[in-house]
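Right, one structure below, let's go through it.
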Amino acid sequence: MSALWPRRWQIVLASFTIVLAITGCKENSSTAPPIAKGSTPESSVASSSAAPASYQAAKYDPIHFKPAIDKASDQQCLACHAEVLKPSVKKRSSAGVESATATAWYQQTPTYQGDQDTFHRRHLTTALAKQVMNLRCTTCHQGNDPREEASGSSATTQSNLTLRKMVNPETTCLKCHGKLNWPVMGLPGPWEQSKHIFQNNCLLCHANIRTNRHQVSYLNAKAIEEMAAKPDGGNVCFGCHGGRSWYRTHYPYPRHAWPGMGTEVPDWAKERPTESEVRFITNAMGQGEKNEK
């Protein structure tokens, strides 16, 4: 008789799981509004301003998908995701190392000032971020598929999402965290080894070469150029061009034409685009204003 109890408990648990699954499906169908095809970004964002009926409704709100996400402002994003800007660095690591006595990888660059900080704060609220960057939530976040975190898992999913990632590292992170392509630049070695030859000044060469640069909405071009012209200005340039490299690959920056540029295209540049992405071209943005933090 007692031998039957494990089997009975298995049946009870299985039945309870089925009930929960059915209840969840009913909730999904009643609270997750479908994304209407042909709706305008303005109308989609406007619908997002109202308080969602539930977490499920918020999860599938049109503001998380194209085309509405292209018009989303930082204020709209931070209304629900304010925690990403809260200072929440642990005082000590899981191994017991005090954060005040340890040097993080991003603190090893001369341009970083202050204590350790969180990921989003380093990109949005630190002094350097405010000075040389103009990043917004949608600069990196272009939506994701909440069903399976996999692009193409449904008929209505976006086709350009990266598997199980909230951003596409190849088109966002790599812009500032790729490896310096010093062989293509004609340097005698990595910048750490050869910067003294060039007085740690990138403008010795780039005052005349590739002078049409940083003209994108997510960067403050004027501030970058001013900082690069100061003594040891190469630290500013190298910080985003190899100094904080997360990847062993190089980012194929658009090769914008500059005055006096030769007509012959080098082999390494033949596949390079000649213009930045439309959504990042300053005069073509028309998006929501950057949130003042």
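The values are calculated or read from the model by the stated rules, or taken from the named source; none is laboratory data. It should be emphasised that the depicted structure is a prediction, and the values quoted were computed from it without experimental measurement. Here the Cβ positions follow ideal geometry from the backbone for every residue, glycine too, while neighbour counts run over all protein chains shown. These area figures cover heavy atoms from the full protein model, side chains too; ligands, DNA and RNA do not enter into them. Shrake-Rupley method; radii C 1.70, N 1.55, O 1.52, S 1.80 Å.
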Surrounded by fewer than 18 Cβ atoms within 10 Å (Cβ to Cβ) and in contact with a helix residue (DSSP H, G or I) (Cβ under 9 Å, 6 or more places away or on another chain), is that true of W268?
yes
By residue number, the members of region 81-101 that are of a type in the set (A, V, I, L, M), surrounded by 10 or more Cβ atoms within 10 Å (Cβ to Cβ) and without any contact (Cβ under 8 Å) to a residue 12 or more places away in the chain are V97
Looking only at region 257-273, decide whether some residue is in contact (Cβ under 8 Å) with a residue 24 or more places away in the chain and of a type in the set (S, T, Y).
no
Pairs under 6 Å by beta carbon, first residue over 14 Å from L85 (Cα atoms) and aromatic (F, W, Y) in region 111-139, partner modelled with pLDDT under 95 and surrounded by fewer than 19 Cβ atoms within 10 Å (Cβ to Cβ), six or more apart or different chains?
Y112/Y106
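Scanning region 154-167 for residues that are of a type outside the set (V, I, T) and open to solvent by less than 40 Å² (accessible area, probe 1.4 Å), which turns out farthest from Y106 (Cα to Cα)?
The first filter runs over region 154-167 and keeps only residues of a type outside the set (V, I, T), leaving 154-155, 158-161, 163-166.
This time we only want the ones that are open to solvent by less than 40 Å² (accessible area, probe 1.4 Å), so: 154, 158, 161.
Numbers: S154: 39, Q158: 33, L161: 27 Å.
Residue satisfying both the conditions and the ranking: S154.
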Criterion first (assigned to a loop (DSSP other than H, G, I, E, B), modelled with pLDDT of 95 or more and of a type outside the set (V, I, T)) does N200 satisfy it?
yes
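P183: surrounded by fewer than 16 Cβ atoms within 10 Å (Cβ to Cβ), assigned to a loop (DSSP other than H, G, I, E, B) and not β-branched (V, I, T), yes or no?
Against the criterion (surrounded by fewer than 16 Cβ atoms within 10 Å (Cβ to Cβ), assigned to a loop (DSSP other than H, G, I, E, B) and not β-branched (V, I, T)), P183 does not qualify.
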Out of (1) part of a loop (DSSP other than H, G, I, E, B); (2) surrounded by 13 or more Cβ atoms within 10 Å (Cβ to Cβ); (3) modelled with pLDDT of 95 or more, what's the single condition that is false for G189?
(2)
Expected single match for open to solvent by 60 Å² or more (accessible area, probe 1.4 Å), β-branched (V, I, T) and within 21 Å of the chain's Cα centre (by Cα) among V278, V216 is V278
Condition first: open to solvent by 50 Å² or more (accessible area, probe 1.4 Å) and either part of a loop (DSSP other than H, G, I, E, B) or touching an Asp or Glu at 6+ places or on another chain (Cβ under 6 Å) (or both). Now tell me which residues in region 117-148 satisfy that.
N134, H141, R147, E148
